[in-house]
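Reading through the C-alpha cells given below for one structure.
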Amino acid sequence: MPASDDLKAKRLDAEDPLAPFRERFVIRDPELIYLDGNSLGRLPKAAVGRARALIETEWGERLIRGWNEGWIDAPARVGAKIARLIGAHPDEVIVADSTSVNLFKLAVAALRYQQGRTKIVTDDLNFPSDLYVLQGACELLGEEHEMTRVASGDGVHGPVEEIQANLDERTALLTLSHVVFKSGYLYDMAALTRAAHEVGALVLWDLSHSVGSVPINLEASGADLAVGCSYKYLNGGPGAPAFLYVRRELQAKLANPITGWMGKKNAFDFALDYEPEVGVRKFLTGTPSVVSLALIEPGIELLLEAGMQRVREKSLKLSAFLLELFEAHLAPLGFHLASPRDPARRGSHLSLSHPQALAIDLAMIRELNLIPDFRPPESIRLGLAPLYTSFQEVYEAVRRIERIVVEGRHEKYLNDAPVVT
Ligand SMILES: *Cc1c(COP(=O)(O)O)cnc(C)c1O
C-alpha cells in the first residue's frame, strides 16, 4: 500500500479530538488490530478498579449490607445513565436480563395491550434471536398472532417502503433493529415510528448495534419501546445485562409478562399476591446481576464524556477512510461492500463480502493478529469503535487483509468451521 495512505492515517489520528480516549482502555497487545467492538467492546481501565472494589470491598466486606448500599438501586441508576445516551428520561430506562428476554417482555406487553390487533411487522435483516423471541411470543399468545417478516431486496438495505406498505389497522407492533447487525444499515427511527403510529401500531426498537455508536433520540422520535445490549459499543463486558426503555405514558398501561418479586410493589413485604411496581421498575423480574451490572457504568461514562455527536463524527471519518482504502486495495481482490454506501444510512460497522470470507477471517485471527468477525454466509464485519479504534488501525487492517489474499494465506483454512465466529 502506498506511503500516502499511511501518512493520511497518521494525520487523521493527529487531528482526532477523541484520540486520548484510547488510553482509557486496557490494550495489552499494541500489535493486535481489534475491529470487533460491535460484538464485544474493549475493557475500560476504570472497570478494573470498579471490579476490584466491588468484589473485595462490597461483596467481601459489606456482604448482604451491600443491597442497601447501592446494589438494589443499580438497575435504575445505570439505566438513568444509559437514558442520557439514547434521548430518554431517567425514569424510562432500566437495566435487566438479556436483550432477548427484555424483547420478549416488551413485545408480549405490547401485544396484550393492543387488543384486537394481531400482527407484528419486522424484517429479515433483524437479529435472529429477536425473530425467535417474536415467534415464541406469537405462539404463546395464541393462533391469531402472526409475524410478517418483510424481506430486504438486497440483504443490505432495510425494506422501508415494503415495511410501510405492511403497516395496517391489524398491526399491533412494528419492531426492528435500529442498526442492522450484518450490513450496518441504519433505519430512520423517527420516520418509521411516525408511519407505525399513523395506523395505531406501537414501535419497539432494538438498539443493540446503535447505542454508543450513533446518536439516538427516543423522545424526539416518539419511540414507544426499546431494548439494547451493553456489551457492544457500551463496553460493559461479556454477558453484561441489557436495558429496556418504556415511554412514560405507556408505563402504567403495559404489564410485564414475567412477574417476579423485583418488579413487584414493596418486594420485601413478601406478600403472596403480585401487584406491579409503578414506573419502569415493573419490568424487572428477579435479582439483578450486581457484579456485571456495576461494570457497565465506566464504559457509559466514557461515552458521556466524549459526547455522542463527537463519537458519530469520528465514526463517519473512520468508515469513510476504510471505504476509501477498500476501493483502492480490496475491491480489486474480489471483496464487495455489503453495507450501505450512504453514510447517513449506516451505523459504525462495515461488512465486506468475499466468497472465501470465513477462511480469510480465520487467517486474519490466527496469522495476522487482526480480529474482525464473520457472519454467514460470506461477510466479514469490521467494527469501528470511535473511542478506541484509530485511523492507523484501519490502515493496518486493510494492509493485513490485502496481504492475506495476495499471499494466499487463507487457503489452508478453506475447510475449517469454528463454533463461535
Ligand atoms: C447483540 C444483539 C442481541 C443480543 O441479545 P442477547 O439476548 O443479549 O444475547 C440482540 N439483538 C441484537 C440486534 C443484537 O445485535
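The values are calculated or read from the model by the stated rules, or taken from the named source; none is laboratory data. Note that the coordinates shown come from a computational prediction; the quantities given were computed from them, not determined experimentally. Cβ placement follows ideal geometry from the backbone for every residue including glycine, while neighbour counts extend to all protein chains displayed. These area figures cover heavy atoms from the full protein model, side chains too; ligands, DNA and RNA do not enter into them. Shrake-Rupley method; radii C 1.70, N 1.55, O 1.52, S 1.80 Å.
Residues that are open to solvent by less than 50 Å² (accessible area, probe 1.4 Å) and of a type in the set (Val, Ile, Thr) within the stretch 249-282 comprise just one, Val280.
Scanning the stretch 95-129 for residues that are assigned to a loop (DSSP other than H, G, I, E, B), open to solvent by 10 Å² or more (accessible area, probe 1.4 Å) and touching a residue at least 60 places away in the same chain (Cβ under 8 Å) turns up Asp97, Ser98, Gln114, Arg117, Leu125, Phe127. If only residues of the stretch 132-175 that are among the hydrophobic types (A, V, I, L, M, F, W, C), within 16 Å of the ligand (Cβ to nearest atom) and in a helix (DSSP H, G or I) are counted, the one that is most open to solvent (accessible area, probe 1.4 Å) is Val133.
Among the residues making up the stretch 1-34, those that are modelled with pLDDT of 95 or more, among the aliphatic types (A, V, I, L, M) and surrounded by 10 or more Cβ atoms within 10 Å (Cβ to Cβ) are Leu7, Ala9, Leu12, Leu18, Ala19, Val26, Ile27, Leu32, Ile33.
Taking every residue in the stretch 368-395 that is on the phi > 0 side of the Ramachandran plot and pairing it with any residue that is among the polar types (S, T, N, Q), at least 6 positions away or on another chain, yields no pair with a Cβ-Cβ distance below 9 Å. Taking the criterion of being within 12 Å of the ligand (Cβ to nearest atom), assigned to a strand (DSSP E or B) and not hydroxyl-bearing (Ser, Thr, Tyr), the residues of the stretch 176-191 that qualify are Leu176, Val179. Reported count of residues in the stretch 92-101, each being within 10 Å of Val133 (Cα to Cα) and not β-branched (Val, Ile, Thr), is 1. If you go through the stretch 191-247 and keep only what is charged (D, E, K, R), touching a residue at least 60 places away in the same chain (Cβ under 8 Å) and out of contact with any Ser or Thr (no Cβ under 7 Å at 6 or more places or on another chain), you end up with Glu219, Asp224, Arg247.
Results for (1) polar (S, T, N, Q); (2) in contact with a strand residue (DSSP E or B) (Cβ under 9 Å, 6 or more places away or on another chain); (3) surrounded by 14 or more Cβ atoms within 10 Å (Cβ to Cβ), shown as yes or no for each residue.
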position	(1), (2), (3)
Leu295	no, yes, yes
Ala344	no, yes, no
His354	no, yes, yes
Ala359	no, no, yes
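Just one of (1) assigned to a helix (DSSP H, G or I); (2) open to solvent by less than 30 Å² (accessible area, probe 1.4 Å); (3) among the basic types (Lys, Arg) fails for Arg381. It is (1).
Restricting attention to the stretch 104-126, the residues being over 20 Å from Gln164 (Cα atoms) and either in contact with a strand residue (DSSP E or B) (Cβ under 6 Å, 6 or more places away or on another chain) or of a type in the set (Lys, Arg) (or both) number 3. Of the residues screened, Ala190 is not one that is surrounded by fewer than 19 Cβ atoms within 10 Å (Cβ to Cβ) and under 30 Å from Pro372 (Cβ atoms).
When Pro276 is tested against the conditions (1) out of contact with any Asp or Glu (no Cβ under 8 Å at 6 or more places or on another chain); (2) within 16 Å of the ligand (Cβ to nearest atom), the lone failure is (2). Among the residues of the stretch 287-306, are any under 26 Å from Gly184 (Cβ atoms), modelled with pLDDT of 95 or more and within 16 Å of the ligand (Cβ to nearest atom)? For the stretch 287-306, residues under 26 Å from Gly184 (Cβ atoms), modelled with pLDDT of 95 or more and within 16 Å of the ligand (Cβ to nearest atom): present. The residues on offer are Ser289, Ser319, and the sole one that is in contact with a Pro (Cβ under 7 Å, 6 or more places away or on another chain) and open to solvent by less than 40 Å² (accessible area, probe 1.4 Å) is Ser319. Ile27 meets the stated requirement of being farther than 30 Å from Arg248 by Cβ, among the β-branched types (Val, Ile, Thr) and not in a helix (DSSP H, G or I).
Put simply, of Val227, Val203, Val246 the only residue that is open to solvent by less than 20 Å² (accessible area, probe 1.4 Å), modelled with pLDDT of 95 or more and within 11 Å of the ligand (Cβ to nearest atom) is Val227. There is no residue in the stretch 30-41 that is in a helix (DSSP H, G or I) and out of contact with any His (no Cβ under 7 Å at 6 or more places or on another chain). Looking for something crowded, with 18+ Cβ neighbours inside 10 Å, among the charged types (D, E, K, R), touching a Lys or Arg at 6+ places or on another chain (Cβ under 8 Å) and closer than 27 Å to Gly228 by Cβ - is there at least one such residue anywhere in the stretch 58-71? No, there is no match, as no residue in the stretch 58-71 is crowded, with 18+ Cβ neighbours inside 10 Å, among the charged types (D, E, K, R), touching a Lys or Arg at 6+ places or on another chain (Cβ under 8 Å) and closer than 27 Å to Gly228 by Cβ.
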